[in-house]
Each structure stands twice: as C-alpha cells, then as structure tokens.
1. Taking springs between alpha-carbon atoms closer than 10 angstrom, which of Pro173, Pro38, Pro65 fluctuates most in the Gaussian network model of the chain?
2. Counting only DSSP beta bridges with both residues in the chain, what percent are antiparallel, rounded to the nearest 5?
3. Tell me, what is the percent relative contact order of region 13-185, built from C-alpha pairs under 8 Å that lie six or more residues apart?
4. Would you calculate, for the chain, the mean residue ellipticity at 222 nm contributed by helices, counting each DSSP H stretch of 4 or more residues as -39,500 (n - 2.57) and dividing by all residues, to the nearest 500?
5. Angle check, please: helix 73-84 long axis (alpha carbons) against the longest principal axis of the chain (alpha carbons), in degrees 0 to 90, nearest 10.
6. Please compute one quarter of the surface area of the Cα convex hull for the chain and express it in square nanometres.
7. Select from region 98-167 those GluC sites (Glu not before Pro) which occupy a DSSP coil region and have at most 16 other Cβ atoms within 10 Å, ordered by residue number.
8. Let me spell out the model: positive unit charges on the Cβ of Lys and Arg, negative unit charges on the Cβ of Asp and Glu, origin at the Cα centre of the chain. What dipole size does that give, in debye rounded to 20?
Amino acid sequence: MPEHAAPFPHVLQVVDDSGLQRYSADMVDAVFAGSFDPPTMGHQDIIQTASRMFRTLHVVIAVNPLKKSMFTLEERLAMIRAMVQDRSNVRVTVWEGLVTDYAHQHGCEALVRGVRSAADLPYEASMAGMNRRLDPDIVTVFFLCRPEHEDISSSLVRDIIQHGRLPQGIVPPAVEEILHRCMESRGNPLS
C-alpha cells in the first residue's frame, strides 16, 4: 500500500492541522467472528469499541464442526443479542464456512480480531495473513483488550462453569443471567 493510501479504498481520508492523516471507518462494514462459547467481557469490550468505529458490525457465530460447543447456537445467539440490544448498528448471525466468504457476501471490508496479550499475536497474525490470501480486499483490524480482561477466555469460563461457579465480572450481566438459566435447566446451577 502506498505510504499515504487509505487503508480502505473508498474511506474518507482527512489530514488535520498537524499534518497527520486520519481515516474514517464509518463507511466500512466489519465482521467480528468467533465461537462465543460463551461471550465474555472481552468480547463485549471489542463489540462496543468496534461498533463505534464501523458503520455496521456483523457479530458472527462461526460454526466449526470440529469443535464441541458447551452452549447451543440458539443459546449463544440469545447471549450475544442480549449483549448488543443497545447497539443499532450491530447484526448478529450464524455462519458455517470461511469468514472471508461471509465478509465478501455481505460487503464487509474489515475483519475484527481481539488480542488479549502478546501471546495471541503469532496465531492472529497467521490467521490475518491467510485471510488476506483468501480475499486480498479484506483487512484485519486488531483490538487490544483491556488489561482487566486479559485473563478471561471462553474456554476458562466454560471450565469454571463446569465446576458450578461463575465469578462476577467475567461475562456481561445479560450473559450471566442467561448462563444461570441454562445451567439451572441442565441441573447444574451456578453459585
């Protein structure tokens, strides 16, 4: 990309008084994909930030047939929808296939990825590179999670839930409510 080219081909480029270039992503749609099994505070933080930056944010539950999920697609959809009910520019859906195919079919030019720590970067960089090979017109935008969420992952939340516990502050309140109902209906109430 040329030194002064906008990261997105049709995005407004602004040069402020200091000579710094600024780009507006408000004309770009983005995809934030994951298993969200279950969604965490880190996911909520990324959704809130990305939804302020992009015109439309597609939160996509990516179906991976090789991965055993703890929660059904319907339960995960309910959790994410509860999290984003105040965000009018967020669309929640399910997709089975390559995320780049979803992005292309829905006119999205950016993929949103969350990074908890430096340890996540090699994997995320590799995925971003492969996604760029699959569709050179799609860029990956990384969001660093807040320090207070670095230790939270869906897999750790699942492990804790399987032991009947759910500490406050690791999932959004709306998700916590749904998790309590799900686990109660399965005969494994959370404390």
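1. Highest fluctuation among the options: Pro65.
2. That works out to approximately 10 percent antiparallel.
3. Relative CO of region 13-185 lands at 27 percent.
4. Estimated from H runs of four or more residues: -11000 deg cm²/dmol.
5. 60
6. 12.1
7. Glu150
8. Here the chain has a charge dipole of around 420 debye.
Rule-based calculations on the coordinates, nothing more; no lab input. As the structure is a computational prediction, the values presented were derived from the model and not from experiment. With ideal geometry, Cβ positions are generated from the backbone for all residues, glycine too; neighbour counts draw on all protein chains shown.
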